[in-house]
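These notes concern the structure reproduced below.
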Amino acid sequence: MEEPLNINSNSIVSGKFAYPSRNDPEAVEVLVSDLEHLQDLVFVNDTVIDFYIKYLQSTEGWCPDLKNRLHFYNSFFYKKLHEAVQSQKNDKNNRKMQKLRKWTKGINVFEKSYLFVPIHDKLHWSLAIICLPGASSEALSPDSCCILHFDSMNNGHKSQNIFRMLRSYLMAEWEFQNESGGIIKDAGCIKRKKLSAKDISARRAKVPLQENEFDCGLFLLHFIECFVKEATPTLRSTEVKSKFGRDWFVPQDASNKRETIRKTIENLLEIDCRGESSPEKLNSFQE
């Protein structure tokens, strides 16, 4: 494993790299200008969020079985979902909701255990995690099908609005999977033709809070990292209160990600400038 390069961000005048590689159709393009969003007292942007989620997926060494049961939406998905739900009354064919399926093309989300949805609205980031029983034999119920909202500010996003949007998405996706034959018929979790809002419980998790106005995106990323490290095959809604809390982690650990991510991007920019931007090189170090 190579040692991280010791470089100064001020010396990087221009440049960009695609992560995890230029050959990946879902690669995130990171520009040197994105480093500005990792300065102190600045909000991280969507590129930083999407990049670091992909970086975690590539470098964290998650076991293949768990990794295959996770799905990460990018930072634009929730905005498009909001637009689709808002237009449903005037869109009888539900065209905008149908367009959302490009985000999960070839994937049956109901075979996953956890769906991660970054949420950005009004200069604030929070995270929703949809907990599903996956392809297990566990029956789908409000206890096993649950939406969790992680927000590092008490007065951040309104959880009920997020729950309404994500319930609408799950119900529409369930109907589509049934009509297209995508639902696994022999899985015990698939018993009904329709999924209703009452089948999906929702909770706002009690979590550590940020200590300034600018670290919400960093907390979103730390929520993901801590959650996956502790993830079990399924999570019941009744377990949420005991699993999370204000002492889940030290808030400074989330804030410190600003420096970690900045150094990571600087190293990858330098590697790309040297013409070594293969996936192996881009993943050849960790902080």
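We did not get these values from a lab; they are worked out from the coordinates using the rules stated. All values reported here derive from a predicted model rather than from experimental measurement. Here the Cβ is made from the backbone with ideal geometry for all residues, glycine too, and neighbour counts use every protein chain on show.
Placing R0 at 22 angstrom, the Cβ-Cβ distance between Phe76 and Glu175 gives a FRET efficiency of 0.40 after rounding to 0.05.
D for the range 198-280, whole µm²/s, Stokes-Einstein with Kirkwood Rh over alpha-carbon pairs at 25 °C and 0.890 mPa s: what number? If you can, show how the numbers build up before the last one.
On the way: Rh = 15.4 Å.
Stokes-Einstein gives a translational diffusion coefficient of 160 µm²/s.
Net length available on complete extension from Lys105 to Lys194 is 29.9 nm, with 0.36 nm assigned per residue and the Cα-Cα distance removed. Measuring against 29 Å, Cα to Cα, the residue pairs Lys54/Lys79; Lys96/Lys198; Lys122/Lys206; Lys243/Lys263 contain Lys243/Lys263 as the ones spanning a longer distance. With the simple model of a label 7 Å out from the Cα in the direction of the Cβ, Ser87 to Phe43 spans 2.4 nm. Residues of the range 221-241 falling in the label zone of Asp253, defined by backbone nitrogen less than 11 Å from a point 7 Å along Cα to beta-carbon, are 222-223, 225-227, 229-230. Can you give the Kirkwood hydrodynamic radius of the range 110-168 from its Cα pairs, in Å with one decimal? For the range 110-168, inverting the mean 1/r across all distinct Cα pairs yields 12.3 Å. Based on every Cα atom in the range 66-169, Rg and the maximum pairwise Cα distance Dmax equal 14.1, 41 Å.
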